[in-house]
Structures are given as C-alpha cells and as structure tokens.
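See structure below.
The values are calculated or read from the model by the stated rules, or taken from the named source; none is laboratory data. No experiment lies behind these values; they were computed from the predicted model shown. Neighbour counts run over all protein chains shown; Cβ positions are idealised from the backbone, glycine included. Side chains are part of the model used for accessible areas, which takes the heavy atoms of the whole protein and leaves out ligands, DNA and RNA. Shrake-Rupley method; radii C 1.70, N 1.55, O 1.52, S 1.80 Å.
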Amino acid sequence: MKTEHLAWPFFDDTHRALARSLVDWCGDALGGEPHDGDVDAQCRSLVRRLGDAGWLRHAVAGRTHGGAAEAIDTRAICLLRETLAWHHGLADFAFAMQGLGSGAISLQGTAGQRARYLPRVARGEAIAAFALSEPQAGSDVAAMQCAARDDGDAYVLDGEKTWISNGGIADFYVVFARTGEAAGSRGITALIVDAGTPGFEIAERIEVVAPHPLARLRFVGCRVPKAQRIGEPGEGFKVAMRTLDVFRTSVAAAALGFGRRALHEGLRRAATRPMFGQTLGDFQLTQARLAQMATTIDAAALLTYRAAWQRDQGRTITREAAMAKMAATEGAQQVIDAAVQLWGGAGVVHGNVVESLYREIRALRIYEGATEVQQLIIGRDLLKEAAA
Ligand SMILES: Cc1cc2nc3c(=O)[nH]c(=O)nc-3n(C[C@H](O)[C@H](O)[C@H](O)COP(=O)(O)OP(=O)(O)OC[C@H]3O[C@@H](n4cnc5c(N)ncnc54)[C@H](O)[C@@H]3O)c2cc1C
C-alpha cells in the first residue's frame with residue numbers, strides 16, 4: 001500500500017507513524033485472512049486481534065479508559081479505516097463498529113458508563129453496536145417508533161431496530177428510542193442495552209452482498225435502568241448526530257481504502273495483461289481510465305482529510321463530512337467498477353480482490369446517510385450561509 005499522502009499537511013508525525021505501523025501489521029496479520037467463511041467467528045476474532053494489537057485504543061476516548069488519547073482523533077480513525085479497508089473489508093468493519101457502537105459513550109457517557117464499557121471495547125473484549133434505524137425510519141430518522149416508556153428507575157423499551165451491524169454478536173447496543181419530550185427528533189433518548197437483557201431478542205439475521213453480522217432487533221417490555229441513559233432525556237438525536245459526525249467522515253476514509261486498492265489492482269492488471277501484441281496499459285483508453293481513477297481518489301482523499309483535520313481543530317464539519325462521504329463513496333464505486341472492467345472476466349470471479357471490493361463498496365453509499373441525504377445537508381448548509 002502506498003503512503004505518499006501521509007506527507008500532506010493535514011497530519012502530525014504521530015499520524016504518519018501510526019499509519020506506517022498499521023500497514024506493516026496488516027501485511028503480517030491480515031495477509032492470509034480469508035475473505036469469506038463464518039462471518040460471526042471471523043468478526044469476533046478480528047475484534048480480538050485488533051484489540052490485542054492496540055488498534056482499538058483509537059476507537060475510544062480517554063486514556064484512563066484504554067483510549068490512545070483524551071479525545072477522539074478523527075484523523076487517526078480515518079487513517080486506520082483507510083488502511084484496514086485496503087487490506088480487508090471485514091477488518092475495517094470490525095474496527096469501525098467498535099468506534100461507532102461506543103462513540104456515544106466516549107462523547108457523552110457518564111463516568112460509570114465510560115469505565116464499564118470503554119476499556120473492554122478498547123481491548124476487543126466487548127463488541128459494540130449502534131441501533132438507530134428502523135423498518136420505517138432509515139433516512140427519515142425522526143419517524144422512529146421504537147418507544148422507551150419512563151417507569152420509575154427504568155425505561156421500558158418496545159419496538160424494533162433494523163440493519164444493525166454486529167446485531168447478533170454484540171455485547172451491548174446503543175439504542176435510540178422515542179421518549180416523547182417533544183415531537184420529531186427532539187423526543188428521542190439514547191440508552192445502552194446489554195445483550196441478554198430480558199425482553200430484548202434478535203428477531204432476524206440479515207444477509208447482505210458483502211457479508212457482515214447484521215440483524216433486526218426486537219424489544220418487548222425490555223427494562224433498561226435509567227443509569228444506562230446517555231445524555232439528557234430527549235437529547236438522543238443530538239447524541240446520534242455527534243457520533244455520526246465523526247464516523248461519517250470515517251466512512252469516506254473506508255471508501256478511500258477500497259478505491260485505492262482497486263486502483264492498485266487495476267494498475268497491476270494494466271501493466272501485465274498481454275493484448276493485441278502489447279499490454280492493456282499501452283492503450284490510451286486504458287491510460288485515460290487510470291487517470292480518472294487516480295484523480296477521483298485524490299479528490300476524495302483531500303475532502304476526507306480536510307474534514308477529519310477540521311474536526312480535530314474543534315470546528316463544525318457537518319458540510320465537510322457530508323461532502324467527503326458523498327465524494328469518497330460515489331467516487332470509490334466508479335473506481336472499483338473501472339478496476340473490474342480492466343480485469344475483464346476475471347474481475348467478476350468470486351474471490352478476485354476487485355470482485356470483493358465491488359460488493360464491499362455498495363452499502364457505503366446508503367448507510368450513515370445515503371448520498372441524497374448528504375446532498376440535502378450540503379445544499380441546505382450553502383443556502384443558510386448565503387442567507388446569513
Ligand atoms: C450494510 C448496512 C449496515 C447498516 N448498519 C447500520 C447500523 O449499524 N445501525 C443503524 O442504525 N443503521 C444501519 N444501517 C441502516 C442505514 O443507515 C439505512 O439503510 C439508511 O439510513 C437508509 O435507510 P433505509 O434503508 O430505510 O432507506 P430509505 O430511507 O427508504 O431510503 C431509500 C433511498 O431513498 C433515497 N433518499 C433518501 N432520502 C431522500 C430524499 N430526501 N430525497 C430523495 N431521495 C432520498 C436514497 O437513495 C435512499 O437510499 C445499515 C444499512 C446497511 C445497508
């Protein structure tokens with residue numbers, strides 16, 4: 001994996017050293033990792049290995065709770081995701097979900113919650129999940145129906161969540177439910193629900209094009225102690241959005257890793273495939289395709305690391321994160337498609353790296369806000385600025 005972009009001014013030397021050592025680790029630890037098999041077992045093992053190697057320390061905040069730094073370092077998370085995605089989609093997923101699933105606790109958890117969950121997440125001993133989406137509330141989060149009724153010292157959860165990554169293998173879930181303080185997005189509260197809590201069950205496991213643990217969750221009269229609430233009642237939407245601001249940028253970084261790998265594989269093919277007495281790369285049509293792929297990747301990388309750098313300066317990145325996510329995921333889809341085209345028939349054979357990338361990239365254009373949602377965020381922000 002090439003690392004020239006580490007010279008960019010967005011990074012500190014600690015980021016550069018981190019990314020270089022992860023490249024070495026991935027080569028050793030993930031080189032022989034299969035791209036299919038028992039996805040639950042593989043995911044559990046990857047979480048454990050990422051924890052043992054210390055990489056998950058970057059997914060949580062607070063040194064006393066096992067974190068690598070006091071605050072979440074967005075650039076570190078992005079570099080880690082980009083590198084892991086280059087090597088292995090499921091390794092990236094395992095890392096990302098530890099961060100997304102525990103992000104609300106890192107950002108707004110009580111001292112007790114942080115002490116109870118974050119060290120185990122950082123060591124890879126507890127698997128985390130983030131449960132926001134519902135069958136009728138995906139892009140339109142405020143249409144959420146899953147309810148948490150106030151009942152003395154506990155909330156009583158009733159309803160469903162779907163498309164929940166790590167559903168079925170997670171040890172705890174950060175669940176967003178309607179508590180009704182106000183209509184729409186202002187009446188939602190965040191709760192930590194441990195696996196095995198009575199009244200909580202996995203209703204269905206869901207299989208997707210690039211296999212990851214994924215499930216629909218069901219809550220029936222599920223009592224969750226009030227001590228498990230993150231933030232204030234009715235503030236859950238803000239908790240979710242603050243968490244997504246970090247991890248949306250990191251989705252762009254993962255797309256970048258997939259895209260860079262596709263360019264690497266495309267170049268390898270172009271340089272070696274004999275054709276019409278020359279090689280594929282000798283044709284100008286191929287050179288134009290490669291030029292487009294490389295330019296798309298660099299543009300996405302600049303947007304991604306601008307957003308990450310800006311957040312680490314303590315600035316708002318709603319527009320920048322949306323631009324990064326949209327450009328990187330849409331761009332990576334095009335780059336990967338071009339790599340499959342360069343590989344010809346071999347590009348669609350199960351087990352070829354570009355075939356696996358083709359499946360890995362697709363969901364990134366949908367989750368954590370579909371591309372259309374990012375367009376709306378950017379467009380509205382531009383109009384607000386123009387009217388100010
Ligand atoms: C593999 C995978 C993993 C996921 N993991 C998680 C998870 O861990 N936790 C979690 O809470 N959720 C998760 N999700 C859910 C994900 O966030 C939702 O799928 C996503 O928000 C879209 O919601 P939806 O599927 O209900 O699609 P819908 O909301 O029905 O949207 C369908 C399509 O409509 C279009 N669209 C949306 N808004 C507009 C608009 N305003 N104007 C025009 N077109 C629009 C978009 O193209 C969108 O793809 C995951 C999803 C997938 C596929």
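Some points to look at:
- For the range 87-169, the carbon plus sulfur part of the accessible surface works out to 48%, probe radius 1.4 Å.
- By a 1.4 Å probe calculation restricted to protein chains, residue 244 has an accessible surface near 10 Å², given to the nearest 10.
- Close amide H partners of residue 155, meaning residues 5 or more places away or on another chain with modelled amide H under 5 Å apart, are 224, 226.
- Taking amide hydrogens as placed 1.01 Å from N in the peptide plane, the amide H of residue 273 sits under 5 Å from those of 280, 281, each at least 5 positions away in sequence or on another chain.
- The range 78-153 versus the range 204-227: alpha-carbon centroid distance in Å: 12
- Entry note, the chain: the mean residue ellipticity at 222 nm calculated from DSSP H runs of n ≥ 4, each adding -39500 (n - 2.57), is -17500 deg cm²/dmol after division by the residues and rounding to the nearest 500.
- When a 1.4 Å probe is rolled over the protein heavy atoms, the share of accessible surface on the range 239-317 that falls to carbon and sulfur comes to 54 percent.
- Rolling a 1.4 angstrom probe over the protein heavy atoms with all chains in place gives the chain an accessible area of 42 Å² per residue.
- Coordinate range of the alpha-carbon atoms in the range 14-159 per principal axis, descending: 51, 35, 26 Å.
- Peptide packing for 352-360, 37-45 was compared via the average number of neighbouring C-beta atoms within 10 Å per residue; ordered from the highest value, the list is 352-360, 37-45.
- Placing +1 on the Cβ of every Lys and Arg and -1 on the Cβ of every Asp and Glu, with no other charges, gives the range 36-147 a dipole of roughly 540 debye about its Cα centre.
- Compared with the dominant principal axis of the Cα atoms in the chain, helix 371-387 is inclined by about 80°.
- Here the dipole of the chain is about 420 debye; that uses its Cα centre as origin and unit charges on the Cβ of Lys and Arg (positive) and Asp and Glu (negative).
- For residue 128, the residues 5 or more places off, or on other chains, whose built amide H falls under 5 Å of its own are 171.
- When you filter the GluC sites (Glu not before Pro) in the range 173-216 for DSSP loop state and at most 11 other Cβ atoms inside 10 Å of their Cβ, you are left with 207.
- In degrees, nearest ten, helix 89-108 long axis to first principal axis of the chain (Cα): 40
- When the surface is traced with a 1.4 Å probe over the full set of protein chains, residue 377 keeps roughly 40 Å² accessible.
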